[in-house]
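None of the figures in this text is laboratory data; all of them are computed from the coordinates on show. Keep in mind it's a predicted model, so treat the numbers as computed, not measured. Please note: Cβ atoms are built from the backbone with ideal geometry, for glycine as well, and neighbour counts cover all protein chains shown.
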Amino acid sequence: MFRAVHLAATTPAGRFPRPPDLGDHVGVNLSVSSFDDLSTRVAAVRGDHDERFPGPAEGRQPVHTVYVPADRFSRSTPADFGAEALRLLNVHTPGAGSFGGAFGLDPEIAGLVRERVAAKLAGEPVEDVRIDFGEGYGTRSDEEEDAHIAQVVEAVGAAYQVKALPHYWGIRVKSFADGGHERAMRTLDGFLTALRDRLGRLPGGFTITFPKVVAAEHVALFTEYLERLETALGLPAGILRFEIQVETPESVIDRDGRIALPGIVAAAAGRLTAAHFGVLGYTAALGLPLDEQRLDHPSCDFARHAMQVALAGTGVRLADGSTGVLPRNDGPDEVNAAWSAHAAHVRHSLRHGFYQGCDLHPAHLPSRYAAVYAFHLTGADDAIGRVRAWHEQAAGRAGTAAEPAAVRALTARLRRAVDCGALDESALPATARP
């Protein structure tokens, strides 16, 4: 039972006494000066929150990162991926019907999606490439890896000079967790020094991938190394930014039983751009059998949801992992099996709010773009109409049905659709254009 609380200033009936008639004025009992200390503390909490959670990252987010072993990278690698992907598309899905069937698309949009995917593969097949000196490259002698650094620098320089570098690009170094830290630092130093000597500048869009994080302390040490490297190379402070790979249980739950990512973000001191989920490393570390080491396993959903909650509003982007199903040959059974598995995984990622993933093979490009474009085109007209209506109503000071946060989410979705080529810029309301 609730107990009645008796206040000295109340009437016998337990109600506050009726205040005097103050007309249109509101009576208060506390002066501003009596709670200005509380106001100061509220503002301090708000300031700390805004510093830790500045909001979503600005600018374009790639729909994928393509990993290429360093010894296989050349100036034409992105274009070669696109040419092979387009060949597979034309051989195995020559028309809208076969294309829609291969990727499980609504017949009403299959023709449009195929047309746009083909144009994408011909014009910008790779949005983000990572030249891999990590696990995909393996352990080599210092002499061999140094030689491949020189080869990669020449390829990057040649691609840059003919504007053939993807919008985003970079290298993946070896993990600090496996004793490869000295080689990782030597590779990054050698690469950037040679690139400076080759081009005289660092091309835009450069990102470093720091894999297999097991402790925030490793991230802090890598950050300190980047600071020293910038000074030695004469680079602007803070220009070397990196992404991490969340592929160990320790990068999800730390040794003290806490969500690990806030500590990792703090250790990166403003340099962290994205967190990529590593499916195979994570599922293997959990002891899952080989046939269950897949992107859509429930254990992976748990890790992704932890990443989402920990990184929401921090400006650190989310990226999903890879699909291990690759075609063993060009036969229709192999290619279609790979496409079906990969497209299903891409759709799973999109439904969970992961708009970027990892691709390993040219055959992954048609299924990546087919699934992404179908996702963005389905319901696009409704999203455009809702955004336009909200802004028209807001301008007229009329009541609006949608919350501002919902409209921002719709606008962000439309912006992603334009950035990747699913929608034309002209289709957006003027308020959703940059």
Approximate spin-label separation Ala312-Ala57, in nm, with each point projected 7 Å along Cα-to-Cβ: 1.9
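With a 10 Å radius around each residue's Cβ, average the other Cβ atoms per peptide and rank 409-416, 338-345, highest first.
338-345, 409-416
Express the Stokes-Einstein translational diffusion coefficient of the range 64-378 in µm² s⁻¹, to the nearest whole number, given a Kirkwood radius over alpha-carbon pairs, 25 °C and a viscosity of 0.890 mPa s.
In µm²/s, the coefficient is 121.
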Set of lysines with alpha-carbon distance to Lys120 below 29 Å, sequence-local pairs under 8 removed: Lys163
Beta bridges by DSSP in the chain, antiparallel share as percent, to the nearest 5: 5
Dipole of the chain [Lys/Arg +1, Asp/Glu -1 at C-beta], most positive-end residue of Val252, Gly234, Leu318: Leu318
Packing-based order for 43-54, 99-110, using average beta carbon neighbours within 10 Å, highest first: 99-110, 43-54
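So what's the back-of-envelope 222 nm ellipticity for the chain, counting only DSSP H runs of four-plus at -39500 (n - 2.57) apiece and dividing by all residues, rounded to 500?
When only DSSP H runs of four or more count, the value is -16000 deg cm²/dmol.
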Cα long-axis angle, helix 380-395 against the chain (0 to 90 degrees, to the nearest 10): 40
Lys/Arg +1, Asp/Glu -1 at C-beta; the chain dipole; positive extreme among Thr223, His376, Ala43: Ala43
The range 148-199: trypsin sites (Lys or Arg not before Pro) in DSSP coil with no more than 14 other Cβ atoms inside 10 Å: Lys163
Student exercise, the chain dipole from Lys, Arg, Asp, Glu Cβ charges, in Debye to nearest 20: 1080
Fluctuation leader among Leu112, Leu423, Leu233 - the chain, Gaussian network, Cα springs under 10 angstrom: Leu233
